[in-house]
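What follows is one structure encoded as structure tokens, with my remarks underneath.
None of the figures in this text is laboratory data; all of them are computed from the coordinates on show. These figures come from a predicted structure and were not determined experimentally. Backbone-built Cβ (ideal geometry, glycine too); neighbour counts: all protein chains shown.
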């Protein structure tokens, strides 16, 4: 099965260097201010979604003109965040991988909700990752290869009450059949020894965060 990747630009913290991760075959979905960011940097989103309450009427007209398709909702009478709208739209394309950019920022509630969207992607058997200027996040229920992406640290956090059978290969601090429960800091601030390392687990849902200061 061919890889089909969707890149979601949402309305959190966005930086011009994020544009460098776009591949020519990617489908670009933009949520709210993320659409304006792309258009201002010469990128046409395939779909722009949201209530667009964070941009002006004139900017909305620009987004409508410069996007492949625009889906708008009432800013009050809606049940989803703009990022979740973008995710639901992404599902229609039946992707194998979703990368979310601009999904973190000053609103911790939105950041955590977007981490939980990664869980929903996994339930659809879709690889999902979240990237910002200081972090790259992904999930595993079995095994994951962690590649050197220029981040200094690798941390492991359980998204279930416990994660069991954790084994690490290629890390400064190896683990063998370890268990990490919520509230434990055992998995914080590890480091890769080379270009990649492997994380495997027996049960649970593990959040893998590559980070730098």
Hypothetical label at residue 119: residues of region 161-188 whose amide nitrogen lies under 15 Å (7 Å Cα-Cβ projection): 161-163, 182-183
Please work out the FRET efficiency for the pair residue 93 and residue 169, using the Cβ-Cβ distance as r and a Förster radius of 35 Å; give the result to the nearest 0.05. 0.55
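For residue 142 and residue 72, calculate 0.36 nm times their separation in residues minus their Cα-Cα distance, and state this gained length in nm to one decimal.
Working: separation 70, 0.36 × 70 = 25.20 nm, distance 3.79 nm.
So the extension gain works out to 21.4 nm.
Would you compute, from DSSP H runs of 4+ residues alone, the mean residue ellipticity of the chain at 222 nm, taking -39500 (n - 2.57) per run and dividing by the full residue count, rounded to the nearest 500? Intermediate results must be reported in sequence, preceding the final value.
Values: 4 runs with 44 residues, N = 213.
After summing the helix terms and dividing by the residues of the chain, the value is -6500 deg cm²/dmol.
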If the convex hull of the alpha-carbon atoms of region 167-213 is projected onto planes in all directions, what is the mean projected area in square nanometres? 3.6
When 15, 52, 171 are arranged by how many other beta-carbons sit within 10 Å of their Cβ, fewest first, they go 15, 171, 52
Evaluate the distance, in nm, between pseudo-label points positioned 7 Å from the Cα of residue 184 and of residue 41 along their respective Cα→Cβ axes. 3.9
Virtual spin-label span in nm between residue 196 and residue 17, 7 Å along Cα→Cβ: 2.3
Would you mind pulling out the separation of the Cα centroids of region 172-209 and region 1-47, in Å? 30
At what distance in nm do the modelled label points of residue 107 and residue 26 sit from each other, each positioned 7 Å from its Cα along Cα→Cβ? 2.2
